[in-house]
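Written out below as structure tokens is the structure these notes cover.
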Amino acid sequence: MSSKKSNAPPKKKIVIVGGGIIGCTTAYYLSHHPSFRSDIDEITVLEASTTGVAQGASGKAGGLVAKWAYPRELVDVSFPEHVRLAELHNGAERWGWRYVNCGSWEGRGEDAPSLANVGSAIGDGGDKTSLEKTAGLEDSDVEQRKGKGLPDDLGWVKESLTDFYSPMAGDGDTAQVHPYLFTTSMLELAQSKGVKLLLGAIAASIEFDMENVTGVCYQSLTAPMKFIPATHAILCAGPWTPTILPSVPVKTTRVHSIVIQPQPDVQISPYVLFTKIDPPEGFGDKTASPEVYARPNNEVYVCGPGDKSSLPYFVGGVKVDDAACEAIFQQVASISSELRAGTVVKKQACFLPVVKEGKLGGPIVGPALRMAKGYYIATGHTCWGICNAPGTAKVLAELVYEGKITSAKLADLAPSKYATTL
Ligand SMILES: Cc1cc2nc3c(=O)[nH]c(=O)nc-3n(C[C@H](O)[C@H](O)[C@H](O)COP(=O)(O)OP(=O)(O)OC[C@H]3O[C@@H](n4cnc5c(N)ncnc54)[C@H](O)[C@@H]3O)c2cc1C
Ligand SMILES: *[C@@H]1O[C@H](CO)[C@@H](O)[C@H](O)[C@H]1NC(C)=O
């Protein structure tokens, strides 16, 4: 009896701080690791939001997964893992996994005097723009499209406004997920293995003794501080990470986005477009660069530029500026009749976790050995956190259950490279 007890590895109590895509995907990989013992080990996700997980950038991102994303060493693990997860769990149905075309588009927007009335104009039949399809193209138009590089099936931006189109990589190099559905699916699959989620739990500190992590202190907006014991703590609070550990050099920028539901008869072909839109003649000289993502459910997601709005205390306090969302809509409406005739069904904002430390750009992934044993950091994923979540989560599970990272060489991402205290 006693020899059996001493041979078995000690019970692991793992606390994950932050229920974004990094935290939820990590919960999945930990709970699906061959050494995880569901009857012994405990995994708990602490999430500040009272509503659910993926309330920040992880639920409001575009969702592009690209082989040419960065850093390369993490993408090389993440892309095949995305493919594997999608096959294993029917990601196509569950989180909108599919391969998608991706290109950069440049051109000039056209004046749209009736834009302000778009909402009320929908469905009255007066706007025939949604019927402008490539099927009606003359041969000369086809030649012109080719000259501009515009693919035949990209019918939802106006050819006449296009100066230039160029695909960003080859077939099979870009895919997409619906980031909110991917994140919540990862959590649900982890919960099916026994992972626990605590909502409204705002972590204040990760505690440790001379050597090891001992637990995490957290509070809710109304309740006093509580302590949850832990042998391992994984800090993945995205842009909020420095509120728990100030030496982590994560900065942040707010980004607005909208979701457009086209009219029912309009099919939006699968393209992600990085645009450069000059304003219509007479509307100044400010170029806009919204990113436009067609999604499998035929919705279109568009995000705009970042701003310097300061990070609120918790994710529930993020403010949405209606004017910023309206501007994004005007920009894409100026190059697409199909989008102009659509309905804006979501206006949102979120904070991007950014790392800029000398020449290092993040993300920061690995053990914080100078803090304590069992202390891990995974944050600062910048604009590629959706793409890089599976690789990040896989190596964290290796660290916890195998003691070292085996599937990639990530020395450059180690926390110790970013601060002498980590
Ligand atoms: C507009 C936009 C478009 C993007 N498009 C793409 C894309 O196409 N492809 C791609 O790969 N990436 C994209 N990204 C990047 C991606 O969204 C992020 O890198 C990723 O979501 C970061 O995930 P995270 O889990 O680290 O952070 P978050 O999503 O911010 O999650 C952190 C979580 O921690 C919680 N938290 C914070 N503090 C505490 C605390 N003290 N206690 C408990 N919980 C706490 C928060 O409430 C939050 O839920 C985009 C980002 C933006 C802003
Ligand atoms: C830290 O953890 C290890 C492994 O569980 C244990 O042997 C050691 O005694 C711990 N250190 C302290 C200071 O408790």
Of the residues GLY282, GLY238, only one is at positive phi and outside the structural domain of GLY109 (by TED's automatic domain parsing); which? GLY238
Restrict the check to region 278-293 and report whether at least one residue is over 23 Å from the mean Cα position of the chain (by Cα), crowded, with 18+ Cβ neighbours inside 10 Å and either closer than 18 Å to PRO353 by Cβ or not small (Gly, Ala, Ser) (or both). yes
Can you tell me which residue within region 6-19, out of those that are of a type outside the set (Lys, Arg) and open to solvent by 30 Å² or more (accessible area, probe 1.4 Å), is nearest to ligand 1 (Cβ to nearest atom)? PRO10
In a helix (DSSP H, G or I) and open to solvent by 50 Å² or more (accessible area, probe 1.4 Å): which single residue out of CYS387, CYS325, CYS383 fits that description? CYS383
From the set of residues in region 35-53 that are under 17 Å from ALA203 (Cβ atoms) and aliphatic (A, V, I, L, M), which is most open to solvent (accessible area, probe 1.4 Å)? ALA48
Hey, any hits in region 311-331 for a residue that's of a type in the set (Gly, Ala, Ser), under 12 Å from SER257 (Cα atoms) and without any contact (Cβ under 8 Å) to a residue 12 or more places away in the chain? yes
Take VAL272 and decide whether it is touching a residue at least 40 places away in the same chain (Cβ under 8 Å), away from ligand 2 (no atom under 16 Å from the Cβ) and in contact with a Cys (Cβ under 9 Å, 6 or more places away or on another chain). yes
Pick from region 189-221, criterion part of a loop (DSSP other than H, G, I, E, B) and open to solvent by less than 20 Å² (accessible area, probe 1.4 Å), ranking: farthest from ligand 2 (Cβ to nearest atom): GLY200
Just to be sure before I move on: is ASP265 open to solvent by 50 Å² or more (accessible area, probe 1.4 Å) and either within 16 Å of ligand 2 (Cβ to nearest atom) or β-branched (Val, Ile, Thr) (or both) in the structure I sent? no
Here is a check on your reading of the model: is ILE22 touching a strand residue (DSSP E or B) at 6+ places or on another chain (Cβ under 8 Å), over 24 Å from PRO270 (Cα atoms) and open to solvent by less than 10 Å² (accessible area, probe 1.4 Å)? no
In region 1-73, which helices (runs of 4 or more DSSP H) lie fully inside it and hold 1 or more residues that are in the same structural domain as PRO367 (by TED's automatic domain parsing) and either within 11 Å of VAL195 (Cα to Cα) or among the acidic types (Asp, Glu) (or both)? 21-31
One residue is enough: does region 306-320 have a residue meeting the conditions open to solvent by 10 Å² or more (accessible area, probe 1.4 Å), within 23 Å of GLY107 (Cβ to Cβ), modelled with pLDDT of 95 or more and not in a loop (DSSP other than H, G, I, E, B)? no
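Take the conditions more than 15 Å from ligand 1 (Cβ to nearest atom), in contact (Cβ under 8 Å) with a residue 40 or more places away in the chain and open to solvent by 10 Å² or more (accessible area, probe 1.4 Å) and apply them to THR406. Does it pass?
So THR406 does not fit the description; no.
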Residues in region 342-370 that are surrounded by fewer than 22 Cβ atoms within 10 Å (Cβ to Cβ) and either more than 24 Å from the chain's Cα centre (by Cα) or of a type in the set (Val, Ile, Thr) (or both): how many? 8
Within 11 Å of ligand 1 (Cβ to nearest atom), within 24 Å of GLY238 (Cα to Cα) and open to solvent by less than 30 Å² (accessible area, probe 1.4 Å) - does that describe any residue in region 84-102? no
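Please work out if VAL365 is in a strand (DSSP E or B) and either in the same structural domain as GLY56 (by TED's automatic domain parsing) or in contact (Cβ under 8 Å) with a residue 40 or more places away in the chain (or both).
Yes: the conditions hold for VAL365.
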Kindly list, by first and then second residue, each pair from a residue in region 224-248 that is over 22 Å from ALA397 (Cα atoms) and part of a loop (DSSP other than H, G, I, E, B) to a residue that is open to solvent by 10 Å² or more (accessible area, probe 1.4 Å) and within 16 Å of ligand 2 (Cβ to nearest atom), limited to pairs with Cβ atoms under 7 Å and residues at least 6 apart or on different chains. none
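The values are calculated or read from the model by the stated rules, or taken from the named source; none is laboratory data. Since the structure is predicted, the reported quantities are computational estimates derived from the model, not experimental observations. A quick note on method: Cβ atoms are made from the backbone with ideal geometry, for glycine too, and the neighbour counts reach across all protein chains shown. For accessibility, only protein heavy atoms count, side chains too; no ligands or nucleic acids. Shrake-Rupley method; radii C 1.70, N 1.55, O 1.52, S 1.80 Å.
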